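See below for the structure under consideration.
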Amino acid sequence: MQRTNEIETRLREAFAPQKIEVRDDSRLHAGHEGAKSGGGHFAVTIVSPRFQGKNAVQRHQMIYQALGNMMQTDIHALSIQALTPDEL
């Protein structure tokens with residue numbers, strides 16, 4: 001729960017989203033090789049006007065940058081749906 005909250009906090013600060021949902025799917029990957037190192041599996045849906053004019057790769061890079069060191073320590077896998085408000 002703590003990692004989920006930290007992910008949400010960092011993304012809220014970086015993107016001021018109109019909608020955000022962070023889900024911890026780690027339990028679905030118990031025993032997975034990557035899970036052995038302690039990193040979790042998460043899914044993020046985020047809607048922000050800051051993604052306007054950015055393609056999917058650029059949006060993902062923005063999210064990775066906002067999450068910083070969590071991508072090397074706390075997060076093993078991250079599923080991302082990053083949208084602008086007009087894409088809803």
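What 222 nm value per residue comes from the helices of the chain, counting each DSSP H run with n ≥ 4 as -39,500 (n - 2.57) and dividing by all residues, nearest 500 deg cm²/dmol?
Values: 3 runs with 30 residues, N = 88.
Mean residue ellipticity at 222 nm (helix-derived): -10000 deg cm²/dmol.
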Provide the net charge surrounding Ile75, with neighbours chosen by a C-beta distance below 14 Å and charges set as Lys +1, Arg +1, Asp -1, Glu -1. -2
Compute the acute angle (0 to 90°) between the alpha-carbon long axis of helix 56-67 and the principal axis of greatest extent of the alpha-carbon atoms of the chain; round to the nearest 10°. 60 degrees
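Using Cβ counts within 10 Å as a stand-in for footprinting exposure, how do Asp86, Asp25, Asp74 rank, fewest first? Mind showing how you got there, number by number?
Numbers: Asp86 8, Asp25 13, Asp74 17.
With the sparsest Cβ surroundings first, the list reads Asp86, Asp25, Asp74.
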To the nearest 10 degrees, how steeply does helix 2-15 sit against the main Cα axis of the chain, on a 0 to 90 scale? 20 degrees
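FYI, it's all coordinate maths here, none of it is from the lab. All values derive from a computational prediction rather than experimental measurement. Positions of Cβ are generated from backbone atoms using ideal geometry, with glycine treated the same way; all protein chains shown enter the neighbour counts.
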